[in-house]
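Accompanying notes for the structure given below.
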Amino acid sequence: MKEPSDVIAPSINRAAPRVTRFAPFVTRFAPSPNGWLHLGHAYSALMGVQQAEAAGGRFLLRIEDIDIGRARPHFIDAIYQDLAWLGLEWPEPVLLQSTRFEAYEAALKILRDTDLVYPCWATRREILDAIPDPATWPRDPDGAPLYPGLYRDLPDSDRKRRMWEGTNYTWRLDMKKALAWVEKNISEPLTFQEHNLPGGPQTLNAEPAAYGDVVLARKDVPTSYHLAVVLDDAYQNITQVTRGQDLAPAAHIHRLLQALLGLPTPDYFHHALVRDTQGRRLSKQAGDNGVRELRQQGRSAQEVLALLPPPLGTGESL
């Protein structure tokens, strides 16, 4: 594997068309170490293993710890322990995103140099105050109000002054410029392959505009989930992204970033979410029982696996 200093690709071709790697099959489970793994995480990891075994390929574990304020070493250790207890195996060393900040900064510089991102100082309060009617204002696929462009057209002299003053800011993708760049430099529509759909795999058209001017990095952390994940998937030669259905909309913005940075496009498998008896999906924030807690209750790995929904378990006790 390349060292982190080999940031993106030595001979990057940003105008390259979509490239899908067909072999060897590689997928990954990429948890964030900001809490204990729950049954939803176990389902996602095991689904990745199942997909890799069916394709005769490889399953990787990646730790997405770019949220330095919330990531904790003991949660990383717990991830390893819980997954091993469930019977999972993965190649070493495990990639930690916190070792890849140089790569993210290099990619962000490419986008800055081509004027596809801009600094933004808008607070959440400013954004809400700038929206005439929150009830009717369009929202992105994650439910957040679309950014109203407060600092998009700020004069360059004002941008430099604000940046020199050291106030906090984010880097936002200029969606209009990004789509214009794609139209000019890519000879085919942006598409990606989704495998977990009724009727089988389908080629979907990417519709990244639904996210608006999405945040790609912050002043103190040179990346966001969106930027880091596309770079790391390319870096690790991921051919299929296996993750929950809640992240399916993100594939559209990820496809755009792959095009802008000349990265290959993996296929996607967005599996169903694990839910409780009321239909609510499990989450760390809600304090749902973690794999660690079930272990401490004396449950066996086989009993925990049986709690998972089909096709991995019966789901009878959820």
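Here are a few things to note about the model shown:
- Around the Cα centre of region 45-108, unit charges on the Cβ atoms of Lys, Arg, Asp and Glu (plus for the first two, minus for the last two) sum to a dipole of about 80 debye.
- Leading residue at positive end of dipole, the chain (Cβ point charges), from 61, 116, 273: 116
- Residue 158 - accessible surface, heavy atoms, 1.4 Å probe, Å² rounded to 10: 50 Å²
- Nearest 10 degrees, 0 to 90: helix 39-55 Cα axis against the chain principal axis: 90 degrees
- Oblate is the label for region 177-255, because a/c, from the alpha-carbon gyration tensor with a ≥ b ≥ c as root eigenvalues, is 1.5 or above and a/b does not exceed b/c.
- Vicinal HN-Hα couplings computed from phi for region 115-127 (Karplus, 6.51 cos²θ - 1.76 cosθ + 1.60; Hz; Gly/Pro x): 6, 9, 10, 8, x, 9, 9, 5, 8, 4, 5, 4, 5
- Residue of 291, 182, 94 that the Gaussian network model of the chain assigns the largest fluctuation, springs spanning Cα pairs under 10 Å: 94
- Within the accessible area of region 189-236 (1.4 Å probe), percent carbon and sulfur: 53 percent
- Which of 79, 91, 106, positive extreme of dipole for region 76-132 (C-beta unit charges): 106
- Between helix 175-185 and the chain: long-axis angle, C-alpha atoms, 0 to 90°, nearest 10: 90 degrees
- Shown are 74, 271, 252, whose ranking by accessible area with a 1.4 Å probe and every protein chain present, most to least, is 74, 252, 271.
- Potential extension, residue 84-residue 179 segment - 0.36 nm per residue separation minus Cα distance: 29.9 nm
- Rounded to the nearest 20, the size of the Cβ-charge dipole of the chain about its Cα centre is 300 debye, with Lys and Arg at +1 and Asp and Glu at -1.
- With a simple spin-label model that places each label point 7 Å from the Cα along the Cα-to-Cβ direction, the separation between residue 219 and residue 186 comes to 3.2 nm.
- Against the chain, whose longest principal axis comes from its Cα atoms, helix 156-165 is set at around 60 degrees.
- P(r) weight above 30 Å for the chain, C-alpha pairs, percent: 38 percent
- Three-way shape label, region 55-94, alpha-carbon gyration tensor, a/c 1.5: oblate
- Lysine pairs with alpha-carbon atoms under 28 Å apart, the chain, spacing 8 or more or separate chains: 14
- Given a 1.4 Å probe and the protein chains as shown, residue 59 ends up with an accessible area of around 20 Å².
- Most simply put, the chain has about 55% antiparallel DSSP beta bridges, counting only bridges with both residues inside it.
- A run of the chain free of exposed loop cleavage sites, with GluC sites (Glu not before Pro) counted only in DSSP states other than H, G, I, E and B and at most 12 other beta carbons within 10 Å, reaches its longest extent at 90-315.
The values are calculated or read from the model by the stated rules, or taken from the named source; none is laboratory data. Just so it is clear, the structure is predicted and the values come from calculations on it, not from any experiment. Cβ atoms come from the backbone with ideal geometry, glycine included; neighbour counts cover every protein chain shown. Just the protein is used for accessible areas: all its heavy atoms, side chains included, with ligands, DNA and RNA removed. Shrake-Rupley method; radii C 1.70, N 1.55, O 1.52, S 1.80 Å.
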